[in-house]
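Read-outs throughout are calculated quantities, based only on the coordinates presented, and are distinct from any laboratory measurement. Keep in mind it's a predicted model, so treat the numbers as computed, not measured. Note: ideal-geometry Cβ built from the backbone for every residue, glycine included; neighbour counts use all protein chains shown.
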Amino acid sequence: MKTKYAYMAGMLDGEGYIGLSKLGGDSSKRYNHKWTYKARVIVSNCNLDLIKWIQNNFGGFISKKTKGVNDYQGYNLQIGYHDKWLPKVIPYMVGKKRKAELLMEAIKLLGQRKKKTNQAGELNLKRLEEINLLLRKKEWLI
């Protein structure tokens, strides 16, 4: 069991994206705010069997990447339910460990934000904006 979490840590460190997407307009109405964020974890690779293994172990959905003329076909696996598996992967991470920790903080704030309005929600929003800026930096700069 530990092996799959360690392997996933290596995949995220090497081939992963950890970040937040800003949602606004109609998509944020369910949160009672003008806009909000969504946590995103994506693993990219050209080996479809590897991507399917990750999907079988961690969930998510696969999409094909746009392919250039001389490029190999690549795949993205977008994985959800981060709060279920990411805490088990973080101890094994090295390069993007801080990003994963920040994403977990953002997920907690997003959960609180759904339940609140006005001032409390705005305080969480300020911290979410700070986390978003940090997640956009290179790993070695945060």
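Report the relative contact order of segment 2-141, percent, no decimals, based on alpha-carbon pairs under 8 angstrom and at least 6 residues apart.
The normalised contact order for segment 2-141 reaches 26 percent.
Students often get this wrong, so try it: which of [x] 1.12; [y] 1.24; [z] 1.01 is Cα Rg over 2.2 N^0.38 Å as calculated from the structure shown?
The value computed from this structure is option [x].
Show that you can apply the helix-only estimate: for the chain, add -39,500 (n - 2.57) for every DSSP H stretch of four or more residues, divide by all residues, and state [θ] at 222 nm to the nearest 500.
Computed ellipticity for the chain at 222 nm equals -16000 deg cm²/dmol.
Using the charge dipole of segment 2-141 (Lys, Arg: +1 at Cβ; Asp, Glu: -1 at Cβ; taken about the Cα centre), state which of THR3, LEU77, LEU109 has its Cα farthest towards the positive end.
Towards the positive end, the residue furthest out is LEU109.
SER21: net charge of surrounding residues, Cβ under 12 Å, Lys/Arg +1, Asp/Glu -1, itself excluded?
+4
Give me the angle, in degrees from 0 to 90, between the Cα long axis of helix 118-135 and the longest principal axis of the Cα atoms of the chain, rounded to the nearest 10.
The angle comes out at about 30 degrees.
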